[in-house]
Each structure stands twice: as structure tokens, then as C-alpha cells.
Amino acid sequence: MTKPTKQTYSFDTKLALVNRVLAGETYGEVAADAGLSSPTLLRTWVRIYRAQGEDGLRPKPKGRPAKKPGEPAELTEVERLRREVEYLRAENAYLGKLRALMEEKRRTR
């Protein structure tokens, strides 16, 4: 037995069905006429429409957002070196505190 694929609906279809519900038809009637699997899907669309308007029913882009055009592809040499120096300073401070704690622990024994 195969699992049915997820049904997708166009923006125009969603908007038309939501408008029918808002005009006074019941969720069950509209869902049955449109062949929806459940009136709950229609309730979700109406809730989104009321909260976000028509834009909420539009398809959302899939995947990770593209890089912004203003961002440099790679860091400049100076910026890369500044970050490396900052990292090494933090590492040095951490190791210094660790060494001080170890010596304090050894003295208290």
C-alpha cells in the first residue's frame, strides 16, 4: 500500500475557498465541495487570512534564503586576521585563568 502524496493548493483556490467561508458558508460545505480532506485545513487558511491577509495564503519559498547582494563572498585578509587575533586573545585569557585555577587548587591541598 502506498502513502498518498501531500496535496497542494494554489493561491487562487485557497483565496476563493476562504472568501466563500467568510461570505457565510459553513466549513463543512465548502470543504466537501472542494474535495478537501478535512474542514480543519480550511479553518487554518481562514485563520491565516484573518491574521496576515492575502499574503499569508501565498506559497512560501523553500530552502535556505539566498545571500544578500551586499555581503562580501569572502572576508578580506585584514578582517580575517583581526578575527584570528581576537580568537587567540580569548583563548589565551581562558588558558591563563585555567592555569591560575589549577595552581590555586594545588596550593590548597
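FYI, it's all coordinate maths here, none of it is from the lab. The structure presented is a predicted model; accordingly, all values stated were derived computationally and were not measured. Counting neighbours? That spans all protein chains shown, and the Cβs are built from the backbone with ideal geometry, glycine included.
What's the local net charge at Ala31, with K and R +1, D and E -1, over the other residues with C-beta under 13 Å away? Walk me through the numbers on the way to the answer.
Numbers: positive: Lys14, Arg20, Arg43; negative: Glu25, Glu29, Asp33.
Overall, the nearby charge balance is 0.
Just flag the trypsin sites (Lys or Arg not before Pro) in the stretch 1-94 sitting in loop per DSSP whose Cβ has no more than 12 other Cβ atoms within 10 Å.
Lys6, Lys62, Lys67
What percentages make up the Cα-Cα pair-distance distribution of the chain when the bins are 10 Å wide from 0?
Values per bin, smallest distances first: 11, 22, 14, 10, 11, 15, 13, 4, 0.
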